[in-house]
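Starting off with a structure, shown below.
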Amino acid sequence: EVQLVESGGGLVQPGGSLTLSCAASGFIFSIADMSWVRQAPGKGREGVAVRDRGGSTRYADSVKGRFTIAQDKAKNTLFLQANSLEIEDTAVYYCAADCRYNSYSTTTNRYWGHGTQVTVSS
């Protein structure tokens, strides 16, 4: 069973930092594309950062230069280092995995964690 469990959210002041973690299990982590997605109150989901199976990363313009996505393959854990946090970063942050059955598969299934709340407030 695929499981994604986020942690590390909390209340921080503007300009502060948080490290979010996603503990993953139940799939081949090394060939999955991993993402962080957030959803602010009353808004749709916004892709924040992606790290694909080849190690390439990309970021939403809104977080570029402030957030960093990384992973520890040995521990099957995905991280999001969020620096210089702004009030607009307040959202529930979700970990997502685009999983393949094997390295030759051309299709993926997306799985989601349940999210961790990040609140940026003075």
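Values in this text are rule-based calculations from the coordinates and carry no lab data. Keep in mind the model is a prediction, meaning the values are calculated, not measured. Positions of Cβ are generated from backbone atoms using ideal geometry, with glycine treated the same way; all protein chains shown enter the neighbour counts.
Give the dimensionless ratio obtained when the Cα radius of gyration of region 54-113 is divided by 2.2 N^0.38 Å.
Its radius of gyration relative to the 2.2 N^0.38 Å reference: 1.33.
Just to be sure I understand the model, the point goes 7 Å from the Cα along the line to the Cβ. What's the resulting Ser121 to Thr106 distance in nm?
It works out to 5.0 nm between the two label points.
Still on this structure, I have one more. Can you give me the relative contact order of region 69-122 as a percent, contacts being Cα pairs under 8 Å and 6 or more apart?
Numbers: 66 pairs, mean separation 18.2, N = 54.
Relative contact order of region 69-122: 34 percent.
Magnitude of the Cβ-charge dipole of region 14-117, K/R +1 and D/E -1, about the Cα centre, nearest 20 debye?
Computed about the Cα centre, the dipole is about 240 debye.
Test of understanding: extend the Cα→C-beta vector of Glu88 to 7 Å, then name every residue of region 18-62 with backbone N under 17 Å from that spot.
38-49, 59-62
Can I ask one more? So what J values fall out for region 54-70 if you push phi through Karplus, 6.51 cos²θ - 1.76 cosθ + 1.60 with θ = phi - 60°, rounded to Hz, Gly and Pro as x?
So the Karplus estimates, Gly and Pro as x, are x, x, 6, 10, 8, 9, 5, 4, 5, 10, 4, x, 10, 10, 9, 9, 8 Hz.
Could you work out how far the C-alpha centroid of region 18-33 sits from that of region 65-122, in angstrom?
Measuring centre to centre over Cα atoms gives 8 Å.
To continue, here is another question. Along region 41-53, what does the Karplus equation 6.51 cos²θ - 1.76 cosθ + 1.60 (θ = phi - 60°) give for ³J(HN,Hα), rounded to whole Hz, x for Gly and Pro?
Those phi angles translate into x, x, 10, x, 6, 10, x, 9, 7, 10, 10, 7, 5 Hz.
Can you match Rg and Dmax of the Cα atoms in Å to one of these, (i) 13.4, 41; (ii) 14.0, 49; (iii) 14.8, 54, based on a calculation from the structure here?
It is the value labelled (ii).
Give the range of the longest stretch in the chain that excludes all trypsin sites (Lys or Arg not before Pro) found in loop regions by DSSP and having at most 12 other beta-carbon atoms within 10 Å.
Formally, the longest exposed-site-free interval is 65-122.
Moving on to the next point. List the aspartates and glutamates whose Cα sits under 13 Å from the Cα of Lys43, skipping any in the same chain fewer than 8 residues away.
Qualifying aspartates and glutamates at Cα under 13 Å: Glu88, Asp89.
Evaluate the relative contact order of the chain (contact order divided by residue number), counting alpha-carbon pairs under 8 angstrom at least 6 apart; express in whole percent.
It rounds to 36 percent for the chain.
If you don't mind, another one. Residue-wise, which Karplus ³J(HN,Hα) couplings in Hz belong to region 90-105, taking 6.51 cos²θ - 1.76 cosθ + 1.60, θ = phi - 60°, and x for glycine or proline?
Once θ is set to phi - 60°, the couplings for region 90-105 become 4, 4, 8, 9, 10, 8, 10, 10, 9, 9, 10, 5, 7, 5, 9, 5 Hz.
Along the charge dipole of the chain, Cβ charges K/R +1 and D/E -1, which of Ser103, Gly44, Gly10 sits furthest on the positive end?
So the residue we want is Ser103.
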